[in-house]
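This is the structure I have questions about; it appears just below.
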Amino acid sequence: MMSNFKISCVIVDDEPMALNLVESYVEKTPFLELKQKCSSAIEAMEYIKNNPVDLLFLDIQMPDLTGIEFSKMLPKDTRVIFTTAFDHYALEGFKVEAIDYLLKPFDYAEFLAAANKANTWFELVKGKRKSILSDEKEFLFVKSEYKQLRVKLADVLYFEGLKDYIKIWLKGNPKPILTLMSLKSLEEELPESQFMRVHRSFIVSLNNIDVIERSQIIINEQRITVSEQYKSKFLEFINNNSL
């Protein structure tokens with residue numbers, strides 16, 4: 001499950017009993033957040049225009065505009081789980097890339113299985129977006145001696161932790177930048193493709209490693225030991241980048 005994240009959803013069905021049933025299922029599912037119930041696709045369209053949502057539980061056979069037709073008009077980030085009493089719509093649901101297809105009458109176990117598929121999809125997307133954003137990061141602002149210093153990540157050789165402080169060692173700088181921060185909080189801000197924690201006191205720039213000698217990394221003549229806790233991850237990095 002995604003921590004601290006709820007999937008916002010709208011239920012669309014022209015049958016009041018079906019609306020109420022799906023509403024009861026949504027309310028007992030912790031990672032779903034109901035934003036609106038709509039009795040037609042037209043009503044849902046008006047709502048979504050001003051209130052973007054993640055997921056629709058969408059009936060297919062409705063007057064004026066069917067669920068299939070409506071699904072083709074949705075924003076690309078809004079996903080659909082179809083709910084219908086007719087099984088011959090399954091192929092059309094597949095064509096519009098629905099997350100799942102619930103055939104009425106369905107129970108909570110079937111509903112939850114479909115909702116979990118949606119949860120997994122959004123978790124993957126959220127993870128990819130976070131990874132993309134992290135990889136695009138080129139600098140950090142760090143507080144040092146009452147100033148905010150702009151530090152280019154490409155210039156960082158390694159970070160050295162000293163209790164509540166961090167030393168930031170940069171290319172061409174004989175003296176490090178000293179900042180009040182923990183290595184753990186810094187590690188969460190750094191792009192994984194560029195930096196790796198190799199010791200409880202060191203995070204190294206993978207792009208600036210000069211030599212790897214047994215269990216030691218040499219960067220700018222500084223020897224840093226890879227501790228047992230981080231060795232397997234570091235060995236994986238070596239194997240993925242070896243000839």
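Go through (1) within 24 Å of the chain's Cα centre (by Cα); (2) outside any loop (DSSP other than H, G, I, E, B); (3) surrounded by fewer than 16 Cβ atoms within 10 Å (Cβ to Cβ); (4) not hydrophobic (A, V, I, L, M, F, W, C) and name the single condition R197 misses.
If we test R197 against (1) within 24 Å of the chain's Cα centre (by Cα); (2) outside any loop (DSSP other than H, G, I, E, B); (3) surrounded by fewer than 16 Cβ atoms within 10 Å (Cβ to Cβ); (4) not hydrophobic (A, V, I, L, M, F, W, C), just (3) comes out false.
Let's see how each residue does on (1) in a helix (DSSP H, G or I); (2) touching a residue at least 40 places away in the same chain (Cβ under 8 Å); (3) within 20 Å of S144 (Cα to Cα):
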residue: E160; (1), (2), (3): no, yes, yes
residue: G172; (1), (2), (3): no, no, yes
residue: S185; (1), (2), (3): yes, no, yes
residue: N207; (1), (2), (3): yes, yes, no
residue: I212; (1), (2), (3): no, no, no
residue: I217; (1), (2), (3): no, no, no
residue: S242; (1), (2), (3): no, no, no
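Sticking with this one: Please identify the pairs in which a residue from region 65-89 that is of a type in the set (A, V, I, L, M) has its Cβ atom under 9 Å from the Cβ atom of a residue that is at pLDDT below 85 and loosely packed, with under 14 Cβ neighbours inside 10 Å, counting only partners at least 6 apart or on another chain.
Once the first residue is of a type in the set (A, V, I, L, M) and sits in region 65-89, its partners that are at pLDDT below 85 and loosely packed, with under 14 Cβ neighbours inside 10 Å give I68/K95; V80/E97.
Cβ-Cβ under 8 Å, sequence separation 6+ or interchain: first residue in region 5-33 and touching a residue at least 40 places away in the same chain (Cβ under 8 Å), partner of a type in the set (V, I, T) and part of a loop (DSSP other than H, G, I, E, B). Which pairs?
S8/V53; C9/V53; V10/V53
Same structure again: For region 43-72, how many residues are surrounded by fewer than 15 Cβ atoms within 10 Å (Cβ to Cβ) and outside any loop (DSSP other than H, G, I, E, B)?
4
Kindly evaluate K171 against the criterion of being touching a Pro at 6+ places or on another chain (Cβ under 7 Å), surrounded by 12 or more Cβ atoms within 10 Å (Cβ to Cβ) and not aliphatic (A, V, I, L, M).
Spelling it out, it is not the case that K171 is touching a Pro at 6+ places or on another chain (Cβ under 7 Å), surrounded by 12 or more Cβ atoms within 10 Å (Cβ to Cβ) and not aliphatic (A, V, I, L, M).
If you go through region 1-42, how many residues are surrounded by fewer than 16 Cβ atoms within 10 Å (Cβ to Cβ) and aromatic (F, W, Y)?
1
The values are calculated or read from the model by the stated rules, or taken from the named source; none is laboratory data. Predicted model only: the values in this text are computed from it and were never measured. In this analysis, Cβ positions are derived from the backbone assuming ideal geometry, glycine residues included, and neighbour counts consider all displayed protein chains.
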